[in-house]
Amino acid sequence: MKTAMPYPTPAGEVTLQVVGAKVDGRALPLHMISRTHQVVALHEVERREWDEVRLELRAELPRGELSAGAWRDVVCVAVLTEGATNARTTARLSGTAEDGVRTGSITLTRGSHRSRAELSLYVVATVEGVPGRIIGGTEESWIVDLQAREPVRERELVIHKVDFRNTDEEWLRPYRDAPWLIETTGEMPTVHLNTGFEGIEDLLEGSGNPVEKAVRGMLAAQIATEAWTAMFQAAVDGLDVEDGVPQWPTGWRDRVLRGLVGDVFPDLSPADALRELHARRSEGGRWAELQPRIHYAAARRARLARNLGTTVRTLERSGEDNRR
Amino acid sequence: MTRHIDDLPERIGLLRDAAAARLVARGVLTGQEEPPLVAAIRAAEPIEDDRSRWDVRPIRELLDEAMRRHPREERAQADAWLAPRLHATLRITRAEAADTGVWNFLALVVGPDYLVWRHLPTRTKDGETPAVTADRFRGLHYKQGFARLWWAAELFRDADDYRPAVVACRNQDVLNTVLRLDIIDHRPTARAVTRLLEQGTVTIGREVNALATAINTAASTLMYDVMAPDDGPDADGLRQWIDDCDLAPPASLDTLPDGPDDGPIPSGSVDTLVKQFEKLFAEAPVRGREAAGTTP
């Protein structure tokens, strides 16, 4: 937390680690907790039915600084939230013999969470006679992912493989000639991959020689570029406006907007960029001008240039090999 | 044009956002046509749980009764009547309520006519045909016509006592503004807001909005969870209440039903926040009210 506050705050860093997790009393294998990505993956919990998960936490506060400063009644609170379920659970961590280290646990109940819970830490104290002041916290939250198989942070797209010609999802049938379709109306954006399109599955999934690999990378980047563009447009279209001010959306729309605005408006702060996006969307002409930049941002995110570069290089090599 | 209770399917299903989007046609929003019932039912996925909490009939009965009890010109008052009864009938967890498929199904299969009755504007500019906004059919939890009522009951109740939720639902500005704020996910904060409404500290819309802005802004430097501790709802109490769904009689139409007994909100914590919020509100700019301390 680096926002300037109208009262003194400690300069040192605050960190939070999830050091263990128990699912209905049974320890979760440690590989389900990734410190690098700050993610706890709960999807592959062996028992499908579970009621609660207890996360063991360890926080480190700026040593020395807190005891010397102007802060009284310093408490350290872990907060577990999920936007979609309006869930909010808090737990106080208590001091240990080790200076600056606080430990404790927080419980996630199944009925209160759906897909991704966020875990953050706040340091709260009485400052200049005012109790309850937030004086610090973690810069990046932990994610408790109830759907992920592996503890990986990015989960932005669902790939849905289906034969468009023979599916119960009637709306897909008219598109049976299309290799894929991107849909952004749902809870998660989805790429419907048409397995009825001959060869596409092998192309995307086989191992193959370097040329095939390169083409696969190209194709994947192509799909990803389209998906990012569609997701970005959908997120902007769905912006909620309060008193003329566009609000950050929730879920994937939030991640997509925050992920791309930096490339769309490199000179603006995220908040200003959001306002600018909304303003341009509301007046048609200037929105059209923005298309190249949106496409550029999406292509960057999809690593199109890198994949194309690799493909060109690989094709050159294979051409040379053939001549030899 | 109404959905007749005997034509409806027995069970609630999940109607995905993408499927729902295709069913919300312009004519549905203006009330001139109904969403196609058979297509909507076919597009829905069944819910793997055969308990009565997913029955359609008790919910449709509530919708019919709400329209019978409230004249059209006072239809906004139906919110406070329906919200606790819908909540007590549709006994689901927050995780289940976060599935928009449930609300899409209620909107497009069970009660499209209710949404038109409740939300169709009476006036439009330039003689346009009045239309309900699409987000009443499929939208965010604080916009969708049925979700907003269920969530208001869930977030403003004090354990099994729905009275604070009724207070909240009587004020459209609470539903429109406060319901969307993350700060009310902390139970004492939500209860302090309804307490201020009960004691008349805030009444009209712009006061509610000023209060909402003031306490939401202050929450960026003050942590209400620390000032007003709450051990949170008791998950077992809620589970018990949901498990009792097959035993409970239908929600009473005349007396307020009981909600899940999942632990009362600590009243001391509510008192602390009421004092804090009174102070914040007194200092907040309210349109039409002279700013504190600037009286000439």
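Just one of the listed residues (A:Arg280, A:Arg253, A:Arg216, A:Arg300) is in contact (Cβ under 8 Å) with a residue 24 or more places away in the chain and charged (D, E, K, R), namely A:Arg300.
Checking each residue in segment B:222-253 for being among the polar types (S, T, N, Q) and either in a helix (DSSP H, G or I) or at pLDDT 95 or above (or both) picks out only B:Gln240.
A quick yes/no check of all residues on (1) at pLDDT below 90; (2) part of a helix (DSSP H, G or I); (3) of a type in the set (Gly, Ala, Ser):
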{"position": "A:Arg253", "(1), (2), (3)": "yes, yes, no"}
{"position": "A:Arg258", "(1), (2), (3)": "yes, yes, no"}
{"position": "A:Gly262", "(1), (2), (3)": "yes, yes, yes"}
{"position": "A:Ala271", "(1), (2), (3)": "yes, yes, yes"}
{"position": "A:Leu277", "(1), (2), (3)": "no, yes, no"}
{"position": "A:Arg293", "(1), (2), (3)": "no, yes, no"}
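Is it the case that some residue within segment B:260-271 is surrounded by 15 or more Cβ atoms within 10 Å (Cβ to Cβ) and within 21 Å of B:Ala210 (Cβ to Cβ)? Looking for residues that are surrounded by 15 or more Cβ atoms within 10 Å (Cβ to Cβ) and within 21 Å of B:Ala210 (Cβ to Cβ), one finds at least one in segment B:260-271, hence yes. May I ask you to verify whether B:Arg94 is within 14 Å of another protein chain (Cβ to nearest Cβ), basic (Lys, Arg), buried (at least 22 other Cβ atoms within 10 Å of the Cβ) and in contact (Cβ under 8 Å) with a residue 12 or more places away in the chain? For B:Arg94, the condition - within 14 Å of another protein chain (Cβ to nearest Cβ), basic (Lys, Arg), buried (at least 22 other Cβ atoms within 10 Å of the Cβ) and in contact (Cβ under 8 Å) with a residue 12 or more places away in the chain - is met. Every listed requirement among (1) over 12 Å from the mean Cα position of the chain (by Cα); (2) assigned by TED's automatic domain parsing to the domain that holds B:Leu62; (3) among the polar types (S, T, N, Q) is met by B:Gln144 save one, (1).
Evaluate segment A:129-139: report whether one residue or more is more than 9 Å from every other protein chain (Cβ to nearest Cβ), touching a residue at least 24 places away in the same chain (Cβ under 8 Å) and surrounded by fewer than 14 Cβ atoms within 10 Å (Cβ to Cβ). Checked against the condition, which is being more than 9 Å from every other protein chain (Cβ to nearest Cβ), touching a residue at least 24 places away in the same chain (Cβ under 8 Å) and surrounded by fewer than 14 Cβ atoms within 10 Å (Cβ to Cβ), segment A:129-139 yields at least one hit. Residues of segment A:63-81 that are buried (at least 17 other Cβ atoms within 10 Å of the Cβ) and either hydroxyl-bearing (Ser, Thr, Tyr) or facing chain B (nearest Cβ under 8 Å) (or both): A:Val75, A:Val77, A:Val79, A:Thr81. If you take the residues of segment B:179-198 that are surrounded by fewer than 23 Cβ atoms within 10 Å (Cβ to Cβ) and touching a residue at least 40 places away in the same chain (Cβ under 8 Å), which of them is farthest from B:Gly268 (Cα to Cα)? Here the residue is B:Arg180. Considered as a group, the residues in segment A:94-114 that are surrounded by 22 or more Cβ atoms within 10 Å (Cβ to Cβ) and not aliphatic (A, V, I, L, M) include one that is farthest from A:Met188 (Cα to Cα), and that residue is A:Arg102.
Could you tell me whether any residue of segment A:65-87 is among the aromatic types (Phe, Trp, Tyr) and more than 26 Å from the chain's Cα centre (by Cα)? The answer is yes, given that some residue of segment A:65-87 is among the aromatic types (Phe, Trp, Tyr) and more than 26 Å from the chain's Cα centre (by Cα).
Listed here are the strands (runs of 3 or more DSSP E) enclosed by segment A:125-233 that have at least 1 residues being modelled with pLDDT under 85: A:158-162.
Can you find even one residue in segment A:152-166 that is among the acidic types (Asp, Glu) and facing chain B (nearest Cβ under 10 Å)? No. Count of segment B:15-56 residues, restricted to those that are within 11 Å of chain A (Cβ to nearest Cβ) and more than 17 Å from B:Val116 (Cα to Cα), is 9.
B:Ile215 satisfies every condition listed in (1) of a type in the set (Val, Ile, Thr); (2) in a loop (DSSP other than H, G, I, E, B); (3) more than 20 Å from the chain's Cα centre (by Cα) except (2). Quick one: would you say A:Val312 is within 14 Å of another protein chain (Cβ to nearest Cβ), of a type in the set (A, V, I, L, M) and either touching a helix residue (DSSP H, G or I) at 6+ places or on another chain (Cβ under 9 Å) or surrounded by 16 or more Cβ atoms within 10 Å (Cβ to Cβ) (or both)? No, not satisfied.
Only one of these is among the polar types (S, T, N, Q) and loosely packed, with under 15 Cβ neighbours inside 10 Å: A:Asn209, A:Asn307. Name it. It would help to see each step written out before you state the result.
Working: A:Asn307 fails: loosely packed, with under 15 Cβ neighbours inside 10 Å.
Just one listed residue meets the conditions, A:Asn209.
Taking segment B:109-137 as the range and being within 14 Å of chain A (Cβ to nearest Cβ) and surrounded by 24 or more Cβ atoms within 10 Å (Cβ to Cβ) as the test, only B:Phe137 passes. Of all residues in segment B:113-142, those that are basic (Lys, Arg) have Cβ atoms under 8 Å from Cβ atoms of residues that are part of a loop (DSSP other than H, G, I, E, B), 6 or more apart or on another chain, in B:Arg118/B:Gly145; B:Arg123/B:Pro130; B:Arg136/B:Lys143; B:Arg136/B:Gln144; B:Arg136/B:Gly145; B:Arg138/B:Val24; B:Arg138/B:Gln144.
The values are calculated or read from the model by the stated rules, or taken from the named source; none is laboratory data. If you're wondering where the values come from, they're calculated on a predicted model, not measured in any experiment. Note: ideal-geometry Cβ built from the backbone for every residue, glycine included; neighbour counts use all protein chains shown.
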